[in-house]
Amino acid sequence: MNYVQVRIARPTNNLQEIVRFYGEGLGLKQIGQFQNHEGYDGVMFGMPDASYHLEFTQHIDGSPCPAPTKDNLLVFYIPNKDEIQHIHSHLTTMGYKTVEPENPYWKESGVTIEDPDGWRIVLMCTKGI
């Protein structure tokens, strides 16, 4: 198959806080947004020159989306431990807390944090992988 793009999309009832977490907190680049498209607002985040990105949407009537299990993760592999520490400190200052991962593997070289909707991300050091 010849895939040209992959988008991971999920609803939220906290779109502005999600934008703050993934944009300001994680430093992901906002690559698009839309408002009032058949009742939906949305934002897309991506990595430079990547053919995959994240999309978050919120419907005018609400978009509840309870977080899945604690082991459903979005993992960001980062080669520099200092960069992980910087991002972690920044997110902590913004009010986001570190959580204990369900699988202890993620604690060995990473840090797990919940986004505003309770979905977990891992900042994982690639050194040694």
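The values are calculated or read from the model by the stated rules, or taken from the named source; none is laboratory data. Since this is a predicted model, take the numbers as computed values, not measurements. Glycine also receives a Cβ, built like all others from the backbone with ideal geometry; neighbour counts cover every protein chain displayed. These accessible areas exclude ligands, DNA and RNA; they are computed on the full protein's heavy atoms, side chains included. Shrake-Rupley method; radii C 1.70, N 1.55, O 1.52, S 1.80 Å.
Quick rundown of the values:
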{"quantity": "Hey, residue 21 among the hydrophobic types (A, V, I, L, M, F, W, C), open to solvent by less than 60 Å² (accessible area, probe 1.4 Å) and modelled with pLDDT of 95 or more or not", "calculated": "yes"}
{"quantity": "Qualifying positions in region 78-129 - closer than 25 Å to residue 57 by Cα, among the basic types (Lys, Arg) and not in a loop (DSSP other than H, G, I, E, B)", "calculated": "120"}
{"quantity": "Tally, over region 1-18, of residues that are crowded, with 17+ Cβ neighbours inside 10 Å and in a strand (DSSP E or B)", "calculated": "1"}
{"quantity": "Those residues of region 57-85 which are open to solvent by 90 Å² or more (accessible area, probe 1.4 Å) and of a type in the set (S, T, N, Q), in sequence order", "calculated": "85"}
{"quantity": "In region 98-129, the residues that are over 17 Å from residue 14 (Cα atoms), open to solvent by less than 20 Å² (accessible area, probe 1.4 Å) and in contact with a Phe, Trp or Tyr (Cβ under 7 Å, 6 or more places away or on another chain)", "calculated": "112, 122, 123, 124"}
{"quantity": "Subset of region 27-56 [part of a loop (DSSP other than H, G, I, E, B) and open to solvent by less than 20 Å² (accessible area, probe 1.4 Å)]", "calculated": "39"}
{"quantity": "Selection within region 86-97 - polar (S, T, N, Q) and exposed (fewer than 13 other Cβ atoms within 10 Å of the Cβ)", "calculated": "89, 93"}
{"quantity": "Leading residue by the ranking (nearest to residue 76 (Cα to Cα)) among those in region 36-53 that are in contact (Cβ under 8 Å) with a residue 12 or more places away in the chain and of a type in the set (A, V, I, L, M)", "calculated": "47"}
